[in-house]
Amino acid sequence: MSNSRTLRRAKAGTTEPTWVRWTLIAVALSFIFLFLVLPLAAVFTEALRKGIDAYLEALKEPDAWTAIRLTLLTAAIAVPLNLVFGVAAAWCIAKYEFPGKAFLTTLVDLPFSVSPVVAGLVYVLLFGAHGWIGPWLQAHDIKIIFAVPGIVLATVFVTFPFIARELIPLMQAQGTEEEQAAMVLGATGWQTFWHVTLPNIKWGLVYGVILCNARAMGEFGAVSVVSGHIRGQTNTMPLHVEILYNEYQSVAAFAVASLLALLAVLTLVIKSFVEWQFERDQKVAAELAPEPAGG
Amino acid sequence: MTAAILSTLPGAATGTVRKRPTRHVLPGFNITLGFTLFYLSLIVLIPLSALVFKTFTLTWEQFWVAVASPRVVASYQLTFGASFIAALVNVVFGLLVAWVLVRYPFPGKKIIDALVDLPFALPTAVAGIALTALLADNGWVGQLLVPFDIKLAFNRNGIVIALIFIGLPFVVRTVQPVLEDAEKELEEAATCLGASRWQTFRYVVFPSIAPALLTGFAMAFARAVGEYGSVIFIAGNMPMVSEITPLIIIGKLEQYDYAGATAVAVVMLGFSFTLLLVINALQAWQRRRSGAQS
């Protein structure tokens with residue numbers, strides 16, 4: 001009797017009274033509503049304030065189209081570059097031991113903590129008219145700053161760690177046993193990577209790619225410094241939003257912004273799907289795995 | 001730190017005996033490390049060193065004038081002050097949101113959980129204009145506050161709000177996994193020994209999530225200090241009053257004051273690097289803490 005009472009008390013001790021629970025839920029949800037749901041809703045309402053026709057009209061504008069194309073182009077270059085880097089960096093950091101590994105991992109993370117404005121500035125100092133190799137570039141008629149290459153470079157910088165960062169802990173947790181087994185059975189390095197490593201890391205890879213892509217398409221500060229804001233030429237979507245907004249073309253600004261907000265929502269949906277798939281795979285793997293010998 | 005990572009790997013117990021063959025069996029070490037170092041140097045290290053070398057072309061006096069003029073100092077105070085307040089708010093509400101998501105069942109939980117990452121996915125410029133539209137005098141929230149004479153847009157309040165938005169996921173996402181792994185048996189034991197629910201939280205739960213909370217705080221703070229896109233729309237950008245440090249750099253650049261912009265940027269870069277090391281140390285502490293518990 002007294003045993004079951006203690007147990008009940010113990011169970012009750014790991015949660016709170018109902019009113020406390022519901023108050024905490026209410027406060028947390030209000031916070032989420034105010035800070036996340038309202039801004040997201042505001043984007044779409046402001047975009048549709050003058051009706052669907054005005055909204056579509058704003059998106060049909062040639063400058064808006066140039067901005068969309070430039071944003072897609074930038075992401076299409078920056079994401080694959082950082083993908084190749086991410087896989088290479090994760091391979092050497094997760095699968096081997098070497099001196100300076102911890103320091104290298106810190107350096108990979110560095111772009112995350114650098115202000116985007118500073119990131120843009122460093123490229124201006126390198127390639128700008130008064131920069132280190134600016135005069136040489138000018139003499140050879142190569143434009144990097146205030147042109148597309150600068151925008152791509154700045155985007156590559158700010159999205160640099162995304163994929164590496166997802167893959168390193170994942171590959172470290174998986175160890176090297178499966179790869180070693182494949183090599184012993186006669187697989188080449190590439191075969192091992194394609195048929196053993198890649199299937200193991202695929203969800204982490206997708207996760208990193210979509211987050212990297214969202215940031216690449218949405219980057220503002222770094223791109224703003226190197227772009228020069230030439231309308232119809234070097235404006236990405238976020239920069240185009242700024243220009244329209246500053247010209248008091250609110251509906252047009254929010255119309256372009258709504259596309260970026262849709263991208264964000266899509267990113268969150270894919271991300272949730274990937275997390276769900278990953279958990280499912282983990283569960284299946286856990287069921288298949290033999291019982292570990294010791295705790 | 002390396003030791004902490006190693007101890008989580010399977011077969012770590014056998015230690016050095018296993019490490020040696022690993023290096024020889026798996027191919028590709030030289031090429032992947034080589035490419036990593038090459039790409040890292042090209043994209044990150046060489047450009048950042050350009051920044052540092054540019055500062056060396058300044059005399060000490062020029063540097064000091066650039067980084068310590070009253071307008072710049074006012075911007076540091078604002079940037080660090082607002083980031084600190086925002087990160088603090090995020091610690092409180094981030095813990096609350098993480099707690100509710102891990103401990104209580106309620107309808108729509110999965111959607112809320114996914115929504116927490118919105119600030120990572122939503123471009124900062126979009127966040128900036130959306131928050132401004134909400135908080136301006138004719139906005140949904142702003143018009144409710146007009147009778148009380150509270151203004152949240154185009155002043156320092158707006159900056160703090162934008163920075164809370166930007167830093168929101170950091171604390172939730174660092175605390176959430178720790179709460180999920182926490183062993184309920186410990187709390188049950190505390191209750192059986194006569195602890196009240198509050199005492200259990202204060203002395204059993206809180207110490208185990210404290211490192212994660214601190215890490216989340218540092219990450220939110222670091223992100224807020226460098227933030228530009230969301231802030232400039234809502235700040236009003238008055239010199240000495242609501243002008244953040246990244247905007248000072250942009251302003252100097254637009255006046256072709258490259259040296260001045262560089263000097264301020266170096267100060268920010270030094271700060272970012274310090275914070276990065278602090279966050280690394282905090283994470284190592286957290287790993288040791290959770291390693292010791294299990």
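Table for the structure above
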| quantity | calculated |
| --- | --- |
| Where only C-alpha atoms are counted, convex hull volume of the stretch A:136-241 per residue in Å³ | 141 Å³ |
| Set of the stretch B:249-273 residues, backbone N closer than 18 Å to the point 7 Å along the Cα-Cβ line of B:GLN62 | B:249, B:252-267 |
| Residues of the stretch B:106-125 with amide N under 16 Å of the 7 Å Cα→Cβ point at A:LYS283 | B:110 |
| Proximal lysines to A:LYS50, defined as alpha-carbon separation beneath 24 angstrom and excluding residues fewer than eight positions away on the same chain | A:LYS60 |
| Percent of C-alpha pairs per 10 Å bin, chain A, short to long | 6, 19, 24, 22, 17, 9, 3, 1, 0, 0 |
| Positive dipole terminus of the protein assembly as shown, leading residue within B:LEU96, A:THR236, A:ILE144 (C-beta point charges) | B:LEU96 |
| Quotient of C-alpha Rg and 2.2 N^0.38 Å, computed over the protein assembly as shown | 1.02 |
| B:ARG288-B:VAL52 pseudo-label distance in nm [points 7 Å out on the Cα-to-Cβ vector] | 2.7 nm |
| Eligible lysines near A:LYS271 by straight Cα distance, threshold 20 Å, same-chain separation 8 or greater | A:LYS202, A:LYS283, B:LYS109, B:LYS110 |
| Dipole axis of the protein assembly as shown (+1 Lys, Arg; -1 Asp, Glu on Cβ), positive-most option in A:THR159, A:THR188, B:ALA82 | A:THR188 |
| Label-point gap, in nm, between B:SER41 and B:TYR256 - each point 7 angstrom along Cα→Cβ | 3.5 nm |
| Estimated distance in nm for a label pair at B:MET238 and A:GLU178, the labels positioned 7 Å out from Cα along Cα-to-Cβ | 6.0 nm |
| Mean Kyte hydropathy of -0.5 or more with a Cα span along the axis of at least 18 Å, helices from DSSP in chain A | A:18-32, A:62-95, A:101-113, A:162-174, A:198-218, A:250-288 |
| Rg [Å, one decimal], Dmax [Å, integer] - the stretch A:133-192, C-alpha atoms | 20.7, 57 |
| Packing-based exposure ordering (other Cβ within 10 Å, fewest first) of B:ILE31, B:ILE85 | B:ILE31, B:ILE85 |
| Spherically averaged projected area in nm², based on the convex hull that wraps the Cα atoms of the stretch B:75-167 | 7.2 nm² |
| Gaussian network model of chain B, springs between alpha carbon atoms under 10 Å - residue of B:GLY236, B:GLY34, B:GLY226 with greatest fluctuation | B:GLY34 |
| Per residue convex hull volume, Cα atoms of the stretch A:38-143, in Å³ | 208 Å³ |
| Size of electric dipole in chain B: Cβ of Lys, Arg +1 and of Asp, Glu -1, about Cα centre, debye, nearest 20 | 880 debye |
| Cα-based equivalent ellipsoid, the stretch A:57-203: semi-axes from gyration tensor eigenvalues, Å | 37, 20, 14 |
| Over the stretch B:133-200, equivalent-ellipsoid semi-axes from the Cα gyration tensor in Å | 42, 16, 9 |
| Which of A:CYS212, A:CYS92 has the fewest Cβ neighbours within 10 Å, and the rest in rising order | A:CYS92, A:CYS212 |
| Total charge dipole magnitude, the stretch A:82-177, about the Cα centre, Cβ charges on Lys, Arg, Asp, Glu only, Debye to nearest 20 | 100 debye |
| Straight-distance crosslink candidates among aspartates and glutamates, where the alpha carbon sits under 15 Å from B:LYS54 and sequence neighbours closer than 8 are dropped | B:ASP257 |
| Chain B - Kirkwood radius from inverse mean 1/r over Cα pairs (Å) | 22.5 Å |
| Debye log10 I(q)/I(0) for the stretch B:226-268, one point scatterer per Cα, at q = 0.13, 0.15, 0.18, 0.31 Å⁻¹ | -0.26, -0.35, -0.49, -1.10 |
| Directionally averaged projected area (convex hull, Cα atoms, the stretch A:163-295), nm² | 12.1 nm² |
| The stretch B:168-294 - Kirkwood radius from inverse mean 1/r over Cα pairs (Å) | 17.6 Å |
| Which of B:VAL102, B:VAL175, B:VAL160 has the fewest Cβ neighbours within 10 Å, and the rest in rising order | B:VAL102, B:VAL160, B:VAL175 |
| Among A:SER113, A:SER30, A:SER258, residue whose mean-square fluctuation peaks in a GNM of chain A (springs only between Cα atoms under 10 Å) | A:SER30 |
| Dipole magnitude of the protein assembly as shown about its Cα centre (Cβ charges: Lys, Arg +1; Asp, Glu -1), debye to nearest 20 | 1160 debye |
| Fluctuation leader among B:ALA210, B:ALA220, B:ALA98 - chain B, Gaussian network, Cα springs under 10 angstrom | B:ALA210 |
| Positive-end residue, chain B charge dipole about Cα centroid, Cβ charges, pick of B:LEU276, B:GLY108, B:GLY128 | B:LEU276 |
| Hydrodynamic radius (Kirkwood) for the stretch B:251-294, which is based on Cα pairs only, to one decimal in Å | 12.8 Å |
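Every number here is computed from the coordinates shown, using simple stated rules; none is lab data. Quantities reported herein were computed from a predicted structural model and do not represent experimental measurements. For neighbour counting, all protein chains shown are included, and Cβ atoms are generated from backbone atoms with ideal geometry for every residue, glycine included.
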